[in-house]
Amino acid sequence: MNRTNSNGKHTIAGDAREMIARAQEENIATVWDRLREQEPQCGYCAMGVSCRNCAMGPCRVDPFGEGPRKGVCGATADTIVARNLGRAIAAGASAHSDHGRDILETFAALAEGKTSGYRITDAEKLKALARERGIATDSRPIEDVARDLAAALFEEFGTRKESLDFLARVPAKRREVWRKLGITPRGIDRENVEMLHRTHMGVDNDYANILLHALRTSLSDGWGGSMIATELSDVMFGTPKPVLSRVNLGTLRADSVNIALHGHNPMLSDVIVQAAQDPELVRMAKEAGAAGINLVGLCCTGNELLMRRGVPMAGNHLMQELAIMTGALEAMVVDYQCIMPSVTEVAKCFHTQVISTFDKARFPGAIHVRFDPERGIETGKEIVRRGIEAFRNRNPQRVRIPAVPVPMMAGFSVEAILGALGGTPQPLVDAIAKGTIRGAVGIVGCNNPKIPQDYGHVALTRRLIENDILVLVTGCAAVANGKAGQMTPEAAEMAGPGLKAVCKSLGIPPVLHVGSCVDNSRILVLAAALANALGVDIDQLPLAGAAPEWYSEKAVSIGAYVVASGIFTVLGVEPPIFGSKKVVELLASGLEGVVGAKFAVEPDPEKAAALIRKHIEAKRAALGLPHIPPETIHAAETRLYAEAAD
Ligand code: BF8
Ligand code: SF4
């Protein structure tokens, strides 16, 4: 493993490097160019001390005491930083939860028999979800159960409850922590609306009180909106099982109609997968001179399709512009979230059609084909037809597909992980207790052009698995690890002796793909199952979270609900909070005594690995399990640094 960033300033991925070179040759602006144009970025905003919440402003305060110390209304740096963070969390939680509601609306329409192209794929999961809520399932038509379940889940968004139904999954001790703090999430919409209310001028001016409600808002995402998205997607599209696929831009085919499915919501992309198999459309593609229709994924829509259908993955967040630059992409179908507005500009340099699909996410320069669950399969066919027509406009001279695809295994739902273990978490608990596996870490989140693409994810993951720590990945972190070859059963060779033996006996990789970003809810469910198996709270387990290259407000919400659920989390990119010492002190230290977990910020993945290892060993020691003393980890790390410096 290269321990420096020397293998590329922008990226460590070969396919990306080749396309960035093409962009430079052809003078096509990319995310990295635009970042350079923005530099130096605003220091006040970077520290979180600018506010434009009202028209007496905009204001900024000087945390160093030379300029103004308060906004026009009198707000201090502490208030402003906390308010800004609270709003970011509400935006992220709203994005996940609105996605969950869209899935729920389609599920409800399916239960009413009003959809085209959808079915109940996992009836057992549907019944289990119904039983969790006390809905009768015996000798009832499945559609009736589905209707009752949909009605119950709509209530999770509402305002009249004291607590979300999904909290029944949370260990009792953790629920008690939240109750005492007054942060039990009630209704998903309620917490988000209250966050916006509190951050209006002149409402909540106490930074700690604002941050507590921010945690509550994030919990309504992790144990609410995101969980609904995951569970109902499993019911409709199937609960993931281990599946082998391929990743990187090499998944595009020079001889085929290539259609990339980009965004987050699997509802339309799933019917496109069905449409692409339609014999009539396949015949049309062949008539146009193509060998067939090749679908690839980008970002989390891609992860949803990879997890359930093994659809190959073209890339993660920073690959979206570069995929178009292959000159081999007929259509980029976008739904919502993390889709750069720039894709339509880049597409103008090629024959690619950008097709937007949700009325709430329009892109100037794109063709809009409106998603409607009542016409799901028809819409899917229309989109594939447009892709085939675009193939006729392709210029073969412009096609440049870099790289050979890398194999990657995905599909590790909680059900699949427990299935591999024989149906219960006990073998995992035993392996952790013995120390064969030291603990588990969720590595999640995005790419950010401020960090060489994939470096944070790949380096941190590698260091953890080498030290017998099982890694669970979602979102763009998963794709980064896939490209680096760390997600095949053979990658067990990269792991330490304990983890390697476990992976080999089960035939699984040391890095498990758990899904898209809403599927971080699966990590919560697994953590709760482990805590319940041991009779402890989640914060006592040897677990950690990391978001080495995060950029999005959704990632802020994820980090917050992971910490509020009791899991130490390391961020690789500085959040905009450093303008308030009090906020930093609370998040990086004070929270430990409140929710049993805290945040750390560490951009160097090597140092982040050491922080996480020390944390895991400390949790093992507290549980009375065999542990490595922190001095030993420290000495090993010092040696590593000395070697790197040589
Ligand atoms: O939801 S990891 S860049 S694609 S926000 Fe976006 Fe970040 Fe990727 Fe998926 Ni998640
Ligand atoms: Fe300025 Fe206060 Fe208005 Fe913010 S809320 S813009 S700090 S006056």
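The values are calculated or read from the model by the stated rules, or taken from the named source; none is laboratory data. Predicted model only: the values in this text are computed from it and were never measured. Cβ placement follows ideal geometry from the backbone for every residue including glycine, while neighbour counts extend to all protein chains displayed. Heads up: the accessible areas ignore ligands, DNA and RNA and are worked out on the full protein's heavy atoms, side chains in. Shrake-Rupley method; radii C 1.70, N 1.55, O 1.52, S 1.80 Å.
Observations on the structure shown:
- Among Ala431, Phe412, Ile401 - extreme Cα towards positive end, dipole of segment 386-444, charges at beta-carbon: Ile401
- With an a/c value of 1.5 or above and a/b not larger than b/c for the gyration tensor axes a ≥ b ≥ c computed over the alpha-carbon atoms, segment 259-343 is described as oblate.
- C-alpha center-to-center spacing [segment 283-318, segment 190-237] in angstrom: 33
- Positive-end residue, the chain charge dipole about Cα centroid, Cβ charges, pick of Ile388, Met332, Ile183: Ile183
- Rounded to the nearest 20, the size of the Cβ-charge dipole of segment 216-304 about its Cα centre is 240 debye, with Lys and Arg at +1 and Asp and Glu at -1.
- Taking all protein chains as shown and a probe of 1.4 angstrom, Arg169 keeps an accessible surface of around 40 Å².
- Shown are Thr159, Thr230, whose ranking by accessible area with a 1.4 Å probe and every protein chain present, most to least, is Thr159, Thr230.
- Taking every DSSP beta bridge that has both ends in the chain, the antiparallel portion is near 15%.
- Heavy atoms of Asp372 accessible to a 1.4 Å probe, total area in Å² rounded to 10: 40
- Loop chymotrypsin sites (Phe, Trp or Tyr not before Pro), segment 12-70, which have at most 13 other Cβ atoms in a 10 Å radius of their Cβ (DSSP): Phe64
- Along its three principal directions, the equivalent ellipsoid of the chain from the Cα gyration tensor extends over semi-axes of 35, 29, 28 Å, largest first.
- Sites excluded, GluC sites (Glu not before Pro) in DSSP loops with at most 16 other C-beta within 10 Å, longest stretch of the chain: 163-646
- The residues neighbouring Pro373, those whose beta-carbon lies less than 10 Å from its own, together hold a net charge of -2 under the Lys/Arg +1, Asp/Glu -1 convention.
- Those trypsin sites (Lys or Arg not before Pro) in segment 279-357 that DSSP places in a loop and that have at most 16 other beta carbons within 10 Å: Lys348
- The charge dipole of segment 77-237, taken about the Cα centre with unit charges on the Cβ atoms of Lys, Arg (+1) and Asp, Glu (-1), comes to about 440 debye, rounded to the nearest 20.
- Charged neighbours of Asp278, selected by a Cβ distance under 10 Å, balance to +2 (K, R count +1; D, E count -1).
- Seen from Val404, the other residues with C-beta closer than 15 Å to its C-beta sum to a net charge of +3, counting Lys and Arg as +1 and Asp and Glu as -1.
- Proximal lysines to Lys434, defined as alpha-carbon separation beneath 23 angstrom and excluding residues fewer than eight positions away on the same chain: Lys500, Lys504, Lys614, Lys619
- Taking Cα centre as origin and charging only the Cβ of basic (Lys, Arg, +1) and acidic (Asp, Glu, -1) residues, the dipole magnitude of segment 411-645 rounds to 100 debye.
- Residue by residue, segment 278-295 carries 3J(HN,Hα) couplings of 5, x, 4, 6, 5, 4, 4, 4, 5, 4, 6, x, 9, 6, x, 10, 10, 9 Hz when phi is fed to the Karplus relation 6.51 cos²θ - 1.76 cosθ + 1.60 (θ = phi - 60°); x denotes Gly or Pro.
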